[in-house]
Amino acid sequence: MDSLTIIAAVSIFTAGITIAIGGMMPSRGEGEALTKAIESVARQPEQANQIIRLFFIGAAVVESVAIYSLVIALIILFANPFIHLFTK
Amino acid sequence: MDSLTIIAAVSIFTAGITIAIGGMMPSRGEGEALTKAIESVARQPEQANQIIRLFFIGAAVVESVAIYSLVIALIILFANPFIHLFTK
Amino acid sequence: MDSLTIIAAVSIFTAGITIAIGGMMPSRGEGEALTKAIESVARQPEQANQIIRLFFIGAAVVESVAIYSLVIALIILFANPFIHLFTK
Amino acid sequence: MDSLTIIAAVSIFTAGITIAIGGMMPSRGEGEALTKAIESVARQPEQANQIIRLFFIGAAVVESVAIYSLVIALIILFANPFIHLFTK
Amino acid sequence: MDSLTIIAAVSIFTAGITIAIGGMMPSRGEGEALTKAIESVARQPEQANQIIRLFFIGAAVVESVAIYSLVIALIILFANPFIHLFTK
């Protein structure tokens, strides 16, 4: 196994495992927030607009963590700063 | 084992494990939200339309995290940026 | 062990493990939602139609994540993009 | 160990482990739903028909995920797309 | 170790482990449902016939997932599609 093979194999595996594990808790947190938002809209329908707006803005904040993992995964795949060291 | 074999084997395994693990928490979060949506519709049937609409829009937000994993898995399978380094 | 053997072995194992793990949380989420739907129909039988309709539409949303895993498993088995590299 | 031996061994092991793991959560979800259905029928016997019908239709939805695993296991055993590459 | 030995060993191990793991959650789900059925019959003895009938029909649904594992285990033992490749 030469160096380039090891780097490429590790890059592919890491890209996949990064978004898989990095997306677990953001999606769970969003699911819990959505659960409570649905419950709250049902109980205080006169607050529905405010609750929905808060859910979306809050979900964007939580989602940002998942997007960090996505960005790192995409960088590892498409802008890997180490791969050029092994491809002359 | 030559380089191309290692890269292909790692790619196949990573693609599968990425969507398998990456889909766990989104589907669980959606399941919890659906559970609460059903409960809420049963208790406040007059809010049903608003609850169902919020569930679908919110589920789309949670689903987006699962789609990140799917996109990375499909990139690894069909647009793998490393495979061309080994197939001359 | 030649290259084709490794790729085929990894493909078979990954296809199985992908749908096995990828189907766990969707089926659990659907089971929880079904549990709540049964409870809700028993308590508010006059809402039964709406509850059942929401359960089916919501279960389709949750099922979509399981179908992502199924699609990746079937791609790995029948449309494997790497297998042609090793079968000349 | 020749190639065909490895492929056959991996296929047999994967088929078994796929349905074993893939069937865990569907059966658990159905068990929970059945538990609630029994409780609901005992409390609201006048809703029994509707509850039982919902349980069966919902269990079919949950069962579908277990059937995905069964289908992949049977494909690996009887319609393995890789086995013909090794049996000339 | 010749090929036939490996295939036979893997088949035997997989058959056992498949039904062992595949039977875990169905039996747990049925146990929970039975627990609730017993409780419900004790509280509403006038509903006993309906509860018992629902338990048996529902347990058959849960059992079906365990039977999938049993079928795969029996196929691996008695209708193994790979064994004839090694016994000429």
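The values are calculated or read from the model by the stated rules, or taken from the named source; none is laboratory data. Everything quoted here is computed from the prediction, not taken from an experiment. Heads up, the Cβs are rebuilt from the backbone with ideal geometry, glycines too, and the neighbour counts pull from every protein chain shown.
Structure values in brief
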item: Which listed residue, of C:8, C:20, C:15, is within 23 Å of residue D:30 (Cβ to Cβ), in contact with a helix residue (DSSP H, G or I) (Cβ under 8 Å, 6 or more places away or on another chain), within 8 Å of chain D (Cβ to nearest Cβ) and in a helix (DSSP H, G or I); result: C:20
item: Breaking point among (1) more than 17 Å from residue E:33 (Cα to Cα); (2) of a type outside the set (Gly, Ala, Ser); (3) in contact with a helix residue (DSSP H, G or I) (Cβ under 8 Å, 6 or more places away or on another chain); (4) at the interface with another protein chain (Cβ under 7 Å from one of its Cβ atoms), for residue D:74; result: (4)
item: Those residues of segment E:23-34 which are at the interface with chain D (Cβ under 8 Å from one of its Cβ atoms) and hydroxyl-bearing (Ser, Thr, Tyr), in sequence order; result: none
item: Segment B:55-72 - residue that is of a type outside the set (Val, Ile, Thr) and over 14 Å from the mean Cα position of the chain (by Cα) and, of those, surrounded by the most Cβ atoms within 10 Å (Cβ to Cβ); result: B:55
item: Residue E:86 among the aromatic types (Phe, Trp, Tyr) and under 17 Å from the mean Cα position of the chain (by Cα); result: no
item: Hey, residue C:40 more than 17 Å from the chain's Cα centre (by Cα), at the interface with chain D (Cβ under 10 Å from one of its Cβ atoms) and in a helix (DSSP H, G or I) or not; result: yes
item: Test result for residue E:57, assigned to a helix (DSSP H, G or I), among the aliphatic types (A, V, I, L, M) and in contact (Cβ under 8 Å) with a residue 24 or more places away in the chain; result: no
item: Hey, residue B:51 in a helix (DSSP H, G or I), more than 7 Å from chain C (Cβ to nearest Cβ) and under 30 Å from residue C:1 (Cα atoms) or not; result: no
item: Segment C:2-39, subset among the polar types (S, T, N, Q) and either out of contact with any Phe, Trp or Tyr (no Cβ under 9 Å at 6 or more places or on another chain) or touching a residue at least 24 places away in the same chain (Cβ under 8 Å) (or both), residue surrounded by the fewest Cβ atoms within 10 Å (Cβ to Cβ); result: C:3
item: Selection within segment E:20-66 - hydroxyl-bearing (Ser, Thr, Tyr) and closer than 20 Å to residue D:61 by Cβ; result: E:64
item: Residue list for segment C:70-84, filter: touching a Leu at 6+ places or on another chain (Cβ under 9 Å) and in contact (Cβ under 8 Å) with a residue 12 or more places away in the chain; result: C:72, C:76, C:80, C:82, C:83
item: Where residue E:81 falls short, out of the listed (1) part of a helix (DSSP H, G or I); (2) more than 17 Å from residue C:38 (Cβ to Cβ); result: (1)
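Condition check ((1) of a type in the set (Ser, Thr, Tyr); (2) under 23 Å from residue C:42 (Cβ atoms)) across all residues:
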{"site": "D:5", "(1), (2)": "yes, no"}
{"site": "D:15", "(1), (2)": "no, no"}
{"site": "D:22", "(1), (2)": "no, no"}
{"site": "D:38", "(1), (2)": "no, yes"}
{"site": "D:55", "(1), (2)": "no, yes"}
{"site": "D:62", "(1), (2)": "no, yes"}
{"site": "D:76", "(1), (2)": "no, no"}
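Results for (1) surrounded by fewer than 14 Cβ atoms within 10 Å (Cβ to Cβ); (2) at pLDDT 95 or above; (3) under 17 Å from residue B:64 (Cβ atoms), shown as yes or no for each residue.
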{"site": "A:41", "(1), (2), (3)": "no, no, no"}
{"site": "A:48", "(1), (2), (3)": "no, no, no"}
{"site": "A:53", "(1), (2), (3)": "yes, no, no"}
{"site": "A:74", "(1), (2), (3)": "no, yes, yes"}
{"site": "A:79", "(1), (2), (3)": "yes, no, no"}
{"site": "A:84", "(1), (2), (3)": "yes, no, no"}
{"site": "A:88", "(1), (2), (3)": "yes, no, no"}
